Amino acid sequence: MKEDNKHTILITGGAGFIGSNLCEYFLAKEYKVICLDNFATGHKHNLKGFSNDANFRLIEGDIRNVMDCQNAVQGVDYVLHQAALGSVPRSIEDPMTTNDVNVSGFLNMLVASRDAKVKRFVYAASSSTYGDSVGLPKVEEVIGKPLSPYAITKYVNELYAEIFSRTYGLETIGLRYFNVFGRKQDPNGAYAAVIPKFVMQLIQQESPKINGDGNYSRDFTYIDNVIQMNELAMTTTNSEAINTVYNTAYGDRNTLNNLVDYLKKSLSQYDPKIANIAVEYGPNRVGDISHSLASIEKAKTLLGYNPQFSMKEGLKEAVKWYWENLK
């Protein structure tokens with residue numbers, strides 16, 4: 001039996017924003033970490049700080065290729081499955097590729113993990129699963145109909161995970177991420193997340209462009225809260241806590257207008273001109289939900305989750321990193 005801190009973790013999508021933060025965190029705790037990534041959305045520069053670590057191994061491969069999945073899970077104790085094609089607009093423009101990666105690739109990883117007798121499969125689920133459900137806060141057992149192809153794929157992931165738990169005994173835990181932000185999040189490209197995109201625009205003296213009137217609200221969740229949830233999900237010994245899904249969030253919401261105001265205030269400490277940059281407003285985006293707020297009571301009760309970073313506390317950390325790395 002290996003010592004706990006010598007367990008091997010496979011992190012799919014390990015060169016991406018969340019995946020690379022997970023790699024870095026678990027390497028610091030002396031786990032052995034394997035990263036599987038095809039670099040479709042991830043970046044090699046995200047691995048720079050630890051790529052020479054003796055406990056780190058990179059496999060360049062694609063979850064759509066079942067042989068790559070089988071190769072990656074050899075000798076693995078835990079899988080943290082982050083690989084996916086994110087973005088609601090991308091899924092609307094190209095539903096077939098989104099489905100291929102997020103559903104077929106997910107199923108490949110489940111099968112490979114089952115066959116390799118992986119101890120537990122923790123995967124990135126999504127708050128988009130709540131769809132047209134209007135109740136707030138969002139509780140795990142009450143969902144609506146999906147509003148985008150992306151949302152459908154993430155809900156199908158949950159259904160497959162449940163079937164693999166029931167049918168094959170593979171332990172699974174899904175983490176429904178709510179608007180995660182933080183260091184290493186890519187500001188570039190058509191499908192960039194809103195916070196790094198706004199930061200980049202403000203740094204470049206450009207007006208941030210908000211879809212809608214800015215009153216849509218989100219449960220913005222700092223990366224360190226997400227890391228905590230992945231670790232708790234991977235290590236819990238509470239039998240009631242496995243084979244289910246959890247909201248992964250802070251449990252508070254802010255409007256996009258509030259977000260931009262706070263970003264302007266934080267960034268103007270570095271460049272006073274940023275405080276006076278005007279905001280532009282455009283049409284609402286197809287497939288977007290109006291308001292998002294998570295109940296985190298289930299995670300607190302069953303996993304002992306205790307998020308340390310509110311949006312403002314997380315943005316203090318993130319803005320400093322963005323200013324130093326995005327200029």
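Taking the range 105-147 as the range and being over 21 Å from ARG285 (Cβ atoms), open to solvent by less than 60 Å² (accessible area, probe 1.4 Å), in contact with a strand residue (DSSP E or B) (Cβ under 9 Å, 6 or more places away or on another chain) and not small (Gly, Ala, Ser) as the test, the residues that pass are PHE106, MET109, LEU110, VAL118, ARG120, PHE121, VAL122, TYR123, VAL139, GLU140. Here SER207 meets each of (1) among the polar types (S, T, N, Q); (2) open to solvent by 40 Å² or more (accessible area, probe 1.4 Å); (3) touching a helix residue (DSSP H, G or I) at 6+ places or on another chain (Cβ under 9 Å) with one exception, condition (2). In the range 239-298, the qualifying residues are those that are small (Gly, Ala, Ser) and under 23 Å from the mean Cα position of the chain (by Cα), and the one that is farthest from LEU80 (Cα to Cα) is SER290. Residues in the range 72-81 that are touching a strand residue (DSSP E or B) at 6+ places or on another chain (Cβ under 8 Å) and either in a strand (DSSP E or B) or open to solvent by 30 Å² or more (accessible area, probe 1.4 Å) (or both): GLY75, TYR78, VAL79, LEU80, HIS81.
Of the residues ALA54, ALA84, ALA15, ALA28, only one is in contact with a Phe, Trp or Tyr (Cβ under 9 Å, 6 or more places away or on another chain) and without any contact (Cβ under 8 Å) to a residue 12 or more places away in the chain; which? That would be ALA28, the only listed residue that is in contact with a Phe, Trp or Tyr (Cβ under 9 Å, 6 or more places away or on another chain) and without any contact (Cβ under 8 Å) to a residue 12 or more places away in the chain. Residues that are modelled with pLDDT under 95 and open to solvent by less than 30 Å² (accessible area, probe 1.4 Å) occur in the range 291-307; there is at least one. In the range 83-102, of all residues being crowded, with 17+ Cβ neighbours inside 10 Å and part of a helix (DSSP H, G or I), the one that is modelled with the lowest pLDDT corresponds to VAL88.
For the range 10-29, a residue qualifies if it is more than 15 Å from ASN225 (Cα to Cα), surrounded by 24 or more Cβ atoms within 10 Å (Cβ to Cβ) and in contact with an Asp or Glu (Cβ under 8 Å, 6 or more places away or on another chain), and the qualifying residues are THR12, GLY13, GLY14, ALA15, GLY16.
Restricting the range 148-163 to residues that are of a type in the set (Ser, Thr, Tyr) and either in a loop (DSSP other than H, G, I, E, B) or in contact with a strand residue (DSSP E or B) (Cβ under 8 Å, 6 or more places away or on another chain) (or both), the residue that is least open to solvent (accessible area, probe 1.4 Å) is SER148. Identify the residue in the range 1-54 that is part of a strand (DSSP E or B) and over 20 Å from the mean Cα position of the chain (by Cα) and, among all such residues, is nearest to LYS119 (Cα to Cα). Result: THR8.
Quick check, is VAL260 open to solvent by less than 90 Å² (accessible area, probe 1.4 Å) and in contact with a Ser or Thr (Cβ under 9 Å, 6 or more places away or on another chain)? Considered against the rule, which asks whether it is open to solvent by less than 90 Å² (accessible area, probe 1.4 Å) and in contact with a Ser or Thr (Cβ under 9 Å, 6 or more places away or on another chain), VAL260 comes out as no.
The values are calculated or read from the model by the stated rules, or taken from the named source; none is laboratory data. What you see is a predicted model; the values in this text were computed from it and never measured. Neighbour counts run over all protein chains shown; Cβ positions are idealised from the backbone, glycine included. For the accessible areas, the whole protein counts, side chains as well, though only heavy atoms, and no ligand, DNA or RNA atoms are used. Shrake-Rupley method; radii C 1.70, N 1.55, O 1.52, S 1.80 Å.
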